[in-house]
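Heads up: the structure comes next, in structure tokens.
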Amino acid sequence: HAAEAQRTDLMTITRHVLNEQGRHPESRGDFTILLSHIVLGCKFVASAVNKAGLAKLVGLAGETNVQGEEQKKLDVLSNEVFVKALVSSGRTCVLVSEENEEAIFVDPQLRGKYCVCFDPLDGSSNIDCGVSIGTIFGIYMIKDKDNVTLGDVLQPGTNMLAAGYCMYGSSCTLVLSTGNGVNGFTLDPSLGEFILTHPNIKIPKKGKIYSVNEGNAKNWDVPTAKYVEKCKFPQDGSSPKSLRYIGSMVADVHRTLLYGGIFLYPADQKSPNGKLRVLYEVFPMSFLMEQAGGQAFTGKQRALELAPTKLHDRSPIFLGSYDEVEEIKALYASESSAV
Ligand code: P6P
């Protein structure tokens, strides 16, 4: 009977968040409404990504499809869908998107109390070859609803209330944390519902995989170079780590979260602040890693303690299994004490 009960007791993402809301009796369900709009955006993008190859959606902006309509690039389309969904939720007031240079301030009549920083389709350069891509988001509470400013999104990651990503791959998986652990949901296209498939995800304390773009090795600083050397030529008699690098952050982070290991996008001489963006790549993934028992480090500090000064600030990032990040931290510490 237990097995039968399991099959019929469908824990959808909406039900799961409502259960979580029960922990905050004072809440009026605003977060649940916000999340349902984010989920709607993910469902739309999942469908568009799956059709992309067929409908020539992957073409450059300005191409026309068989109906002669101008095709929007998938990331432009995804951005429009998420902006419209978030604004129409009536629960947001400031939006930061990887696709928009400036922040979007929601019309006062439609304003709510949340700010959402998101990358609507991260890794979109991989669409044409079918590699998994994803949406990444992080959610802040505004500081003062009567005085909404950029300061409401230029907050340290430690102020984030929730974060998540949706990976569009062999299946569509949404991984979410509202500050009480990490849960994974898989889209059942026949139901159009995200079902809880990975409850209470915990990242293994150690890992056998390192994930970095080795093509940048020439420009790495000493601690990064030393760490990667250690992965390839361990001095303690242990076996070398495997290298897995997809080049799509959501896919590389999702594998790291489930299998353990470490994902690195270090600074280098070419890009002293690394490549990944603080508000909608580094913070959400760091939030999830810490909630799953892992760590996230910038080379100088705990990633979530960064204080962004500009919307599209970048930061180096080392995130993953607790013990692996500890090793990187030790190498940077000895480097800074040696200086
Ligand atoms: P590189 C994709 O363009 C992206 O923003 C992330 O998804 C990914 O982790 C990174 O850049 C890959 O960068 O320099 O290794 O190609």
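Every read-out reported here was derived from the displayed coordinates using simple, explicitly stated rules and does not represent laboratory data. From a predicted model like this one, the values you see are computed outputs, not experimental measurements. When we count neighbours, we look across all protein chains shown, and the Cβ atoms used for this are built from the backbone with ideal geometry, even at glycine.
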Practice item. Using only Cα atoms, figure out Rg for region 81-156 and give it as a multiple of 2.2 N^0.38 Å. Key: 1.20
Check your understanding: Expressed as cubic angstrom per residue, what is the convex hull volume of the alpha carbon set of the chain?
Key -> 163 Å³
Check your understanding: With θ set to phi - 60° and the Karplus curve 6.51 cos²θ - 1.76 cosθ + 1.60, what are the ³J(HN,Hα) couplings of region 311-320 in order, to the nearest whole Hz, using x for Gly and Pro?
Key -> 4, 10, 3, 10, 8, x, 8, 10, 9, x
Point to revise | Förster-model FRET efficiency, 41 Å R0, ASN50 and SER337, C-beta, rounded to 0.05 | key: 0.20
Review point. Residue farthest toward the positive end of the dipole of the chain, with Cβ of Lys/Arg at +1 and Asp/Glu at -1: which of LEU10, PRO199, ALA52?
Key: PRO199
Check your understanding: What lysines sit close enough to LYS73 to cross-link, taking a C-alpha to C-alpha distance under 21 Å and skipping anything fewer than 8 places away on the same chain?
Key -> LYS43, LYS51, LYS56, LYS84
**Study point:** Dipole magnitude of region 159-258, debye to nearest 20 (Cβ charges: Lys/Arg +1, Asp/Glu -1, about Cα centre)
**Key:** 460 debye
Review point. Which of these, ALA217, ALA163, ALA292, has the largest mean-square fluctuation under a Gaussian network model of the chain (Cα springs below 10 Å)?
Key: ALA217
Practice item. Based on alpha-carbon positions alone, could you give the equivalent ellipsoid semi-axes of region 181-339 from the gyration tensor, as √(5λ), descending, whole Å? Key: 27, 19, 14
**Study point:** Zone residues, region 302-339, relative to CYS129, backbone N less than 17 Å from point 7 Å out along Cα-to-Cβ
**Key:** none
Exercise for review: Only Lys, Arg, Asp and Glu count, each charged at its Cβ (+1, +1, -1, -1), so figure out the dipole size of the chain about its Cα centre, rounded to 20 debye.
Suggested key: 520 debye
Exercise for review: Output ³J(HN,Hα) for region 116-128: one whole-Hz value per residue in order, computed from phi by the Karplus curve 6.51 cos²θ - 1.76 cosθ + 1.60 with θ = phi - 60°, and x for Gly and Pro.
Suggested key: 10, 10, 8, 10, x, 8, 6, x, 4, 5, 8, 4, 4
Point to revise | For region 212-277, with +1 on Lys and Arg beta carbons and -1 on Asp and Glu, the positive-most of THR256, VAL228, LEU276 along the dipole | key: LEU276
Study note, to complete from the structure: Applying the span-like rule to the chain (DSSP H, Cα extent along axis at least 27 Å, Kyte-Doolittle mean at least 0.5) gives 30-55
**Study point:** Cα lying deepest toward the dipole's positive end in region 189-320, options ALA292, LEU306, TYR245, charges on Cβ
**Key:** TYR245
Check your understanding: Please report, for the Cα atoms of region 254-339, the Rg to one decimal and the Dmax as a whole number; what are they, in angstrom?
Key -> 12.4, 37
Point to revise | When region 131-205 is reduced to its Cα atoms, the Kirkwood hydrodynamic radius in Å | key: 14.2 Å
Practice item. Using θ = phi - 60° and the Karplus relation 6.51 cos²θ - 1.76 cosθ + 1.60, list the HN-Hα couplings for region 158-171 in order, rounded to whole Hz, with x at every Gly or Pro. Key: 5, 8, 5, 8, 7, 7, x, 9, 10, 9, 9, x, 4, 9
Check your understanding: Quick one: if you stick a label point 7 Å off each Cα along the C-beta vector at LEU191 and LEU18, how many nm between them?
Key -> 1.3 nm
